[in-house]
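The values are calculated or read from the model by the stated rules, or taken from the named source; none is laboratory data. Note that the coordinates shown come from a computational prediction; the quantities given were computed from them, not determined experimentally. Cβ sites come from the backbone with ideal geometry, for glycine too, and all protein chains shown count toward neighbours. Only protein heavy atoms, including side chains, enter the accessible area calculation; ligands, DNA and RNA are left aside. Shrake-Rupley method; radii C 1.70, N 1.55, O 1.52, S 1.80 Å.
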Amino acid sequence: MDARMKPDILEVQPLELKFLFELKKQSSCSVQMINKTNHHVAFKIKTTNPKKYCVRPNTGVIDPNALCNFTVTMQAPKVVPPDMICRDKFLVQSTVVPEGTKEEDVTSNMFAKEDGKIVDEKRLKVIFISPPDSSESSPVNEPSKLVHDNESREVKDDLVHAKVDESIELSKRDGESTEATRKEETYKRKEPVKRIEQPVKPSHEDIKRNEEFMQMNDTEELILAKEFTEMKSKVIELESKLTEAKATILHLTEEKRSVTQEKHFLQGELDMLKSKRHRAQSGFPLLFVFMVSLVSLFLGYLLHS
């Protein structure tokens, strides 16, 4: 699709992340995103060098016609890059989502370009800026600074030319040799300026490397999202099993309580039967003794009579 036909969902300002470059010191910059639609928009921010930068927040949802800021913090650098040029890139992806979508619901699958889904992408580049009190020059990829350097060199060349002209006036007798020397010095001094004016353009390999880094980040994020979804489903399944186990334990506890009550009731009935049987057994010998004594008395009476 032609770049002019791409949808413009978010307005991102600025498109260049400028960091104050100082060794062993962190640097931060803020970026503003404006939702230009009447819908809720989810966004996600990627970088070609995730270990070097910290983005907060890197995902979220913006309300209709609202704005949101995110902050990029660069870790403290340990070395100075060649010519103060940084090739790191950032990508801001955005797409329309249903109302009620929360930040934790935003995944990489939402920004997949399939089934005619509209995904807006904004690419940001990184620029290093020297501190004001530093003797080092600003980034060479800034046109204004390049022009300033060239003008400074041209002024210096004019001063040199003036000195050469003075020496020519003082040594008119050796005019031809002095003129040749002046032309040679002028040619040597102008040659570096032409080399500096050549623009520094990223090579095809650098662009391809950045695209590969972004694809690797997308693949890793898809794998992480899939693993997170699987883990979430397993947790839900374990929670349901735990709930069933709690219900089973509660049911078994109630059954144990009822069985214990029945056991106590039967034990009481058994004790009562034992006590009745003991009383019955203890009363039988007394009756027998009484009957024997009556029979003995009757027999004695008969014998005496």
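Taking 0.36 nm per residue of separation and subtracting the Cα-Cα distance, what length does fully extending residue 54 through residue 265 add?
Values: separation 211, 0.36 × 211 = 75.96 nm, distance 7.18 nm.
Result for the pair: 68.8 nm of gain on full extension.
Give the dimensionless ratio obtained when the Cα radius of gyration of the stretch 1-126 is divided by 2.2 N^0.38 Å. The partial results should precede the final answer.
Numbers: Rg = 15.7 Å, N = 126, 2.2 N^0.38 = 13.8 Å.
Normalised by 2.2 N^0.38 Å, the Cα Rg of the stretch 1-126 equals 1.13.
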query: Given a Förster distance of 30 angstrom, what is the FRET efficiency for residue 236 paired with residue 99, based on the Cβ-Cβ distance and rounded to 0.05?
result: 0.75
- prompt: At what distance in nm do the modelled label points of residue 293 and residue 125 sit from each other, each positioned 7 Å from its Cα along Cα→Cβ?
  reply: 13.1
message: Using the Karplus curve 6.51 cos²θ - 1.76 cosθ + 1.60 with θ = phi - 60°, what ³J(HN,Hα) values do you get for each residue of the stretch 32-48, in whole Hz, with x for Gly and Pro?
response: 9, 10, 10, 7, 8, 10, 9, 10, 6, 10, 9, 10, 8, 10, 10, 9, 7
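Take each of the peptides 95-104, 48-57, 230-239, average the number of other beta-carbon atoms within 10 Å over its residues, and list them starting from the highest.
On the way: 95-104: 12.9, 48-57: 14.6, 230-239: 10.0.
In decreasing order of mean packing, 95-104, 48-57, 230-239 become 48-57, 95-104, 230-239.
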field: Sites residue 112 and residue 248 - FRET efficiency at Förster radius 45 Å, r taken between beta-carbons, to 0.05
entry: 0.55
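Among 27-36, 296-305, how do they line up by average Cβ neighbours within 10 Å per residue, starting with the highest? Can you show the working numbers first?
Details: 27-36: 16.9, 296-305: 8.5.
The densest-packed peptide leads the list: 27-36, 296-305.
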message: Assuming 0.36 nm per residue, please report the length gained on full extension of the stretch residue 279 to residue 258 beyond their Cα-Cα distance.
response: 4.4 nm
field: the stretch 215-305, accessible area per residue, ligands and nucleic acids excluded (1.4 Å, Å²)
entry: 96
